[in-house]
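Structure record follows, encoded as structure tokens.
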Amino acid sequence: MTEIQRRGLLIILSSPSGAGKSTLAKRLMAWDPSLKFSVSATTRKPRPGETDGVEYFFRTKDDFEAMVTAGEMLEHAEVFGNYYGTPKGPVEVAMREGRDTLFDIDWQGGQQIRRSSLGKDVVSIFILPPSIADLEQRLRGRAQDSEEVIAGRMAKSRDEISHWAEYDYVIINRDIDAAEAELKTILEAERARADRQPGLNDFVRGLNKEFEAR
């Protein structure tokens, strides 16, 4: 099979907390190990089981602000009193190598990336819960946050959901398996777009040469 060169995609997954974006991101990574997960930097404290450099790069506020000042962040935002952001360098390298980068970020970060110099290769997907009652049940089921934090996330979810129309695709996560299947279909279609594949020009020239040699 002939491998055709293409640019890497920036795949943005966003949702209110508890709607399933992190689970779906992990499933996509298992389905396609070539996907590069964008590890964000954050000033929040690690949760039980989280490791620096795996789930997040855990940084102090001073260190994070220094990265922003140095222009090392593709996007950054303050969420629930903590800073979150995406280091720019690894994303640019992956794009040049034709590898897709997966972002598990909120609407603020997604908006900044779409407006950046890399925006033309963004595929943005918003995950909605089937109901607000279901959303709250999922948050409580994680048993990771206090009542105060859960209340804050629920209050924030209405604003987050209001940004759904800014995204290229919207998936209602009624069933995690069905939502995963929809994500895979979106990714395969976006990868096949002609304008994503600069290597097609050389490929078609090769086909024409075969015609001439007959």
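Within region 52-68, can you find the residues that are surrounded by fewer than 17 Cβ atoms within 10 Å (Cβ to Cβ) and assigned to a helix (DSSP H, G or I)? Result: 61, 62, 63, 65, 66, 68. Restricting 139, 135, 183 to residues that are closer than 21 Å to residue 104 by Cβ and either modelled with pLDDT of 95 or more or basic (Lys, Arg) (or both) narrows the list to 183.
Looking across 49, 71, one residue alone is at pLDDT below 90 and assigned to a loop (DSSP other than H, G, I, E, B). It is 71. With respect to residue 210, is the statement that it is farther than 28 Å from residue 78 by Cα and over 21 Å from the mean Cα position of the chain (by Cα) true? So residue 210 fits the description; yes. Output the residues belonging to region 134-163 that are buried (at least 16 other Cβ atoms within 10 Å of the Cβ) and among the hydroxyl-bearing types (Ser, Thr, Tyr). The one that is buried (at least 16 other Cβ atoms within 10 Å of the Cβ) and among the hydroxyl-bearing types (Ser, Thr, Tyr): 157. Residues in region 72-96 that are closer than 18 Å to residue 122 by Cα and touching a Gly at 6+ places or on another chain (Cβ under 8 Å): 10 in all.
The residues in region 1-36 that are closer than 27 Å to residue 162 by Cβ and not in a loop (DSSP other than H, G, I, E, B) can be counted, and the count is 13.
Listed here are the residues, each with its yes/no results for (1) in contact (Cβ under 8 Å) with a residue 60 or more places away in the chain; (2) in a loop (DSSP other than H, G, I, E, B); (3) within 18 Å of residue 25 (Cβ to Cβ); (4) out of contact with any His (no Cβ under 8 Å at 6 or more places or on another chain).
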| residue | (1), (2), (3), (4) |
| --- | --- |
| 78 | no, no, no, yes |
| 91 | yes, no, yes, yes |
| 95 | yes, no, no, yes |
| 99 | yes, yes, yes, yes |
| 110 | yes, no, yes, yes |
| 117 | no, yes, no, yes |
| 141 | no, no, no, yes |
| 152 | yes, no, no, yes |
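Regarding residue 174, is this residue surrounded by fewer than 15 Cβ atoms within 10 Å (Cβ to Cβ) and outside any helix (DSSP H, G or I)? In short, yes.
The values are calculated or read from the model by the stated rules, or taken from the named source; none is laboratory data. Quick caveat: nothing in here was measured; it's all calculated off a predicted structure. Neighbour counts run over all protein chains shown; Cβ positions are idealised from the backbone, glycine included.
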